[in-house]
1. How large is the helix-only mean residue ellipticity at 222 nm for the chain, computed as the sum of -39500 (n - 2.57) over DSSP H runs with n ≥ 4, divided by its residue count, in deg cm²/dmol to the nearest 500?
2. Could you tell me the relative contact order of the chain? Use alpha-carbon pairs under 8 Å, at least six residues apart, and round to a whole percent.
3. Would you list 26, 64 from fewest to most Cβ contacts within 10 Å?
4. Among 111, 33, 104, which comes first, then next, by fewest other beta-carbon atoms within 10 Å?
5. Does the chain come out rounded, prolate or oblate, given a ≥ b ≥ c as the square roots of the eigenvalues of its C-alpha gyration tensor, rounded meaning a/c under 1.5 and, failing that, prolate meaning a/b above b/c?
6. Under 1.5 on a/c is rounded, so check that first for the range 9-73, then, if it is not, pick prolate when a/b is larger than b/c and oblate when it is not; a ≥ b ≥ c are the square roots of the alpha carbon gyration tensor eigenvalues.
7. Taking the Cα atoms only, what angle lies between the long axis of helix 59-77 and the longest principal axis of the chain, rounded to 10 degrees?
8. Based on alpha-carbon centroids, what's the gap between the range 41-105 and the range 13-37 in Å, whole number please?
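None of the figures in this text is laboratory data; all of them are computed from the coordinates on show. Here the structure is a predicted model, which means the values were calculated and not measured. A quick note on method: Cβ atoms are made from the backbone with ideal geometry, for glycine too, and the neighbour counts reach across all protein chains shown.
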Ligand code: DGP
């Protein structure tokens, strides 16, 4: 039998969580290993792995809640800004779609380095990569 999903167990009430918001489709709760206090996770109640698994008709409500939480962590906690993040498969430690809303402050010490960067060159032309993505998008 496969291991039960941690976030499904939180949704089902089998594991405790500090809940921020609940509606028919979505649960938002505090991350138990917060980068900063107030670090919130938003999950669909139905199990799904990654963002593209979220049915199109559920997308507006999910991201409207993300927008509201962005404002709520900033206004409610007096944060200067926030970081909104979804890990899809790579760096995704819980294989249930979850969006992080992380309060940020000026000079808060978070080391978040998106690198190393890979510049385009003659062997790796920007237009070739763009065309492969455009083709997959069609
Ligand atoms: P990610 O690296 O994107 O997969 O982040 C998953 C986050 O989920 C991580 O910051 C810790 C959090 N997390 C994992 N298990 C639990 C849990 O049982 N309860 C709560 N509240 N958060 C959890």
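1. Estimated from H runs of four or more residues: -8500 deg cm²/dmol.
2. Values: 164 pairs, mean separation 30.5, N = 138.
Relative contact order of the chain: 22 percent.
3. Values: 26 20, 64 11.
With the fewest neighbours first, 26, 64 line up as 64, 26.
4. Numbers: 111 4, 33 7, 104 16.
Exposure proxy ranking, most exposed first: 111, 33, 104.
5. oblate
6. It is oblate, given that a/c is not under 1.5 and a/b is not larger than b/c.
7. So the helix axis and the longest Cα principal axis differ by about 70 degrees.
8. Value for the Cα centre distance between the two parts: 11 Å.
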